[in-house]
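Visitor: What follows is a structure written as structure tokens; I'll ask about it next.
Read the figures in this text as sums done on the coordinates, not as results from a lab. As the structure is a prediction and not an experimental result, all values here were calculated from the model. Backbone-built Cβ (ideal geometry, glycine too); neighbour counts: all protein chains shown.
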Amino acid sequence: MYFASDNSGPVLPEVMTALADANTGYAMPYGADPIMEQVRARVREIFEAPEAAVYLVSTGTAANSLALATLVPPYGTVFCSPVAHIHEDECNAPEFYSGGAKLTLVPGGDRMTPDSLRATIAKEETRGVHGPVRGPVSITQVTERGGVYSLDELSALTAVAKDFGLPVHLDGARFANALVALGCTPAEMTWKLGVDAVSFGGTKNGCMGVEAVVFFDPARAQEFELRRKRGAHLFSKHRYLSAQMAGYLTGNVWLDAARRANAACTRLADGLRAAGAGFLHEPQANMIFATFPRAAHRRLHEAGARYYLWDGTLDGADDEAVGCRLVCDWSATEANIDRFLELVRG
């Protein structure tokens, strides 16, 4: 009953097999391995973007920070949600790797709206040299509260960015989960709507530790390469990054893993509703923010369940509602979900 994070789950068998297959003989280092050529071609195929520049790094923070550093000058600012991962969970890495660019938070919840984004962008570049210049808009899909922007919502946000001549970055740590939730193609969720760069996640959906950075304008390529090296994120034994992504993107492995995670989340959410739980946010992919009595949380923790309390502690009245975050990964089983729900019901 591990629902703390989709980072907690095991690696997909196909990824492990690809790693084992890559672990023979010799291969050129630093991304010159033949597997990377296959990965680059596969990512371009998936995104219907034959000219896209494709790179691999080992963490989502590196993907986001290096991508944004390529899109914003050190005297600029990145526009994002107040709960975006780049703001709340990356220890100022975007500011560090960009050489000092700041983040400007767009008022609202986990989803930016076109009106709030437009108003926030318009306020910048009003102080001359005393304020930052406008930089990229960064959108998180799936959001940090488990929501999924519709294609229309994404299109409206990118349209605002384009009105100001700004690039758009998509933080896709849970890219596949959003994709299967919407039932669209990668191209429809990105460049066809005006997205310029994507952090294409693999780790949360069954990889050991690999993320792709995709630039739809190859003119960005050289700068990213230099920033990746300078930032100490160019692997020498790069084939082990390449192999992970190759195994992940074989056939529909990546999509099937996301479907399993989302389906597990739906089963868990439906069971919690039936048990009378409340929801802080409507779950739309593989993440749940729910509230139920503290007594149920105690039962779960005593039985070995692992997840994060979001609002409150285990100390206090049994009947008081306490919030939590539950995240399902590809390996979540119906048996573990049903056992969890049995303990919630008491």
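Visitor: Relative contact order for the chain: what is it in percent, counting Cα pairs under 8 Å that are at least 6 residues apart? All intermediate terms of the calculation are to be shown ahead of the outcome.
Guide: Details: 710 pairs, mean separation 82.4, N = 346.
Relative CO of the chain lands at 24 percent.
Visitor: Output ³J(HN,Hα) for segment 194-209: one whole-Hz value per residue in order, computed from phi by the Karplus curve 6.51 cos²θ - 1.76 cosθ + 1.60 with θ = phi - 60°, and x for Gly and Pro.
Guide: Result, rounded to whole Hz: x, 6, 9, 9, 10, 8, 9, x, x, 4, 5, 10, x, 8, 6, x.
Visitor: Give, rounded to the nearest 20 debye, the magnitude of the charge dipole that the chain has about its Cα centre when Lys and Arg contribute +1 at Cβ and Asp and Glu contribute -1 at Cβ.
Guide: Values: 32 positive and 40 negative charges, 94 e Å.
Using Cβ point charges on Lys, Arg, Asp and Glu, the chain gives about 460 debye.
Visitor: While we're on this one: Would you mind classifying the chain by shape? Square roots of the alpha carbon gyration tensor eigenvalues, ordered a ≥ b ≥ c; an a/c under 1.5 is rounded, otherwise it is prolate if a/b is larger than b/c and oblate if not. Intermediate values should be presented prior to the final figure.
Guide: Numbers: a/c = 1.95, a/b = 1.23, b/c = 1.58.
In terms of gyration-tensor shape, oblate.
Visitor: A follow-up question, please. Pairs of Cα atoms under 8 Å, at least six residues apart: use those to get the relative contact order of segment 254-345, whole percent. Let's see the in-between values first.
Guide: On the way: 150 pairs, mean separation 34.7, N = 92.
Averaging sequence separation for qualifying contacts and normalising by length gives 38 percent for segment 254-345.
Visitor: Let me ask you something else. Mind giving me the nanometre distance, one decimal, between the label points for ARG127 and MET28, set 7 Å out from Cα along Cα→Cβ?
Guide: For ARG127 paired with MET28, the spin-label model returns 4.9 nm.
Visitor: FRET efficiency for ALA317 and LEU255, Cβ-Cβ distance as r, R0 = 41 Å, nearest 0.05?
Guide: On the way: r = 44 Å, r/R0 = 1.08.
In this case the efficiency is close to 0.40.
Visitor: Could you point to the residue in PRO136, GLY202, LEU117 farthest towards the positive end of segment 13-252's charge dipole, with +1 and -1 charges on the Cβ of Lys/Arg and Asp/Glu respectively?
Guide: Highest projection toward the positive end goes to PRO136.
Visitor: Once you list every other residue whose beta carbon is under 10 Å from the beta carbon of ASP6, what net charge do they have if Lys and Arg are +1 and Asp and Glu are -1?
Guide: Numbers: positive: ARG174, LYS204; negative: ASP329.
Value of the local net charge: +1.
Visitor: On average, how much area does the Cα convex hull of segment 254-345 cover when viewed from any direction, in nm²?
Guide: Numbers: hull surface 21.6 nm².
Over all viewing directions, segment 254-345 projects a mean Cα-hull area of 5.4 nm².
Visitor: Please label the shape of segment 126-260 as rounded, prolate or oblate, based on the square roots a ≥ b ≥ c of the eigenvalues of the alpha-carbon gyration tensor (a/c under 1.5 means rounded; beyond that, a/b larger than b/c means prolate, else oblate).
Guide: Details: a/c = 2.21, a/b = 1.22, b/c = 1.80.
Taking the square roots of the gyration eigenvalues as a ≥ b ≥ c, segment 126-260 is oblate.
Visitor: Treating the beta-carbon of each Lys and Arg as +1 and of each Asp and Glu as -1, no other charges, what is the dipole magnitude of segment 1-119 about its Cα centre, to the nearest 20 debye?
Guide: Details: 6 positive and 14 negative charges, 60 e Å.
Dipole of segment 1-119, to the nearest 20 debye: 280 debye.
Visitor: Simple spin-label model, 7 Å along Cα-to-Cβ: ALA41 to GLU334 in nm?
Guide: Going by the 7 Å Cα→Cβ label model, 4.0 nm.
Visitor: Taking the Cα centre of the chain as the origin and placing charges on Cβ (Lys, Arg +1; Asp, Glu -1), which of GLN222, ALA20, TRP191 is farthest toward the positive end of the dipole?
Guide: The Cα lying farthest towards the positive end belongs to GLN222.
Visitor: Report the one residue of VAL106, PHE289, TYR149 whose Cα lies farthest in the direction of the positive end of the charge dipole of the chain (charges on C-beta: Lys and Arg +1, Asp and Glu -1; origin at the Cα centre).
Guide: Checking the options against the dipole of the chain, the answer is VAL106.
Visitor: A further question on this structure: Computed FRET efficiency, Cβ-Cβ of TYR308 and PHE279, R0 25 Å: what is it to the nearest 0.05?
Guide: Values: r = 16 Å, r/R0 = 0.63.
Step by step, r from the Cβ atoms, then E = 0.95.
Visitor: Could you please state, rounded to a whole Å, how far the C-alpha centre of segment 1-27 is from the C-alpha centre of segment 149-223?
Guide: 24 Å
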